[in-house]
Amino acid sequence: MSQRRSRESTVPTPLSSSQIRVPSYSNFDSASATASHAKRSNRRDGGRAERLLRKLLWQRGLRFRVHVRGLPGEPDIVFPRQRLCVFCDGDFWHGRDWPTLRMRLETRANPGYWIPKIARNIQRDAERTVALQRRGWSVLRLWETEILHDPDRATSAIAAAIGRASAQDSGSRPVT
């Protein structure tokens, strides 16, 4: 299954749901007991990068909501007043550097499951970003390794996006 890309962009062209089929787990063995345990341990409260980012944003006095139901993709961090959604995307699950990751997955356990799974996650991310933008939300997606490598830079990027959103919002209101 090939993923179409433009030469200038690293964002994959969204494929239709009929083009990507994600098989069930029933026909696959786990790669290892350790991997199975780690994946079962994943919970909704956010990964290490997301928790770190939330802590730093809170320390800066920025107030937000987490995992808001009713918004496409239930964004990790939401600033309702500024209409800003932030996603802390895991490198593996969301396909960072997809061409390289795809090649690595082809040589590992269960490539018939993982390649379509990650490809569908990438497509779903793009669809949810578009859905949020159509509803008037700004969307900021950060990679977990970028957050962990330089959390202050990630926090500053969010603060700048909030500043832009606030400036646009104040410019559209009549002065009373």
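What follows draws every value from the coordinates through simple rules; no lab data is involved. Keep in mind that this is a model prediction, so the values were computed, not measured. Glycine gets a Cβ as well: all are built from the backbone with ideal geometry, and neighbour counts include every protein chain shown.
State, to one decimal in nm, how far the label point of ARG81 lies from the label point of ARG69, with both points 7 Å from Cα in the Cβ direction.
2.6 nm
Let me know the shape class of the stretch 105-168, please: from the alpha-carbon gyration tensor, a ≥ b ≥ c as square roots of the eigenvalues, rounded when a/c is under 1.5, otherwise prolate if a/b is greater than b/c, or oblate.
Oblate is the answer for the stretch 105-168, as a/c is 1.5 or above yet b/c matches or exceeds a/b.
For the stretch 40-156, what are Rg and Dmax over the alpha carbons, in angstrom?
15.1, 46
At ARG104 and THR34, where each label point lies 7 Å from the Cα along Cα→Cβ, what is the point-to-point distance in nanometres?
1.5 nm
Quick one: if you stick a label point 7 Å off each Cα along the C-beta vector at ARG124 and ARG153, how many nm between them?
My value for the distance between the label points is 2.9 nm.
Multiply the residue gap between ARG134 and ALA167 by 0.36 nm, knock off their C-alpha separation, and tell me the result in nm, one decimal place. Provide the component values of the computation, followed by the final result.
Values: separation 33, 0.36 × 33 = 11.88 nm, distance 2.00 nm.
Once the chain is fully extended between ARG134 and ALA167, it gains 9.9 nm.
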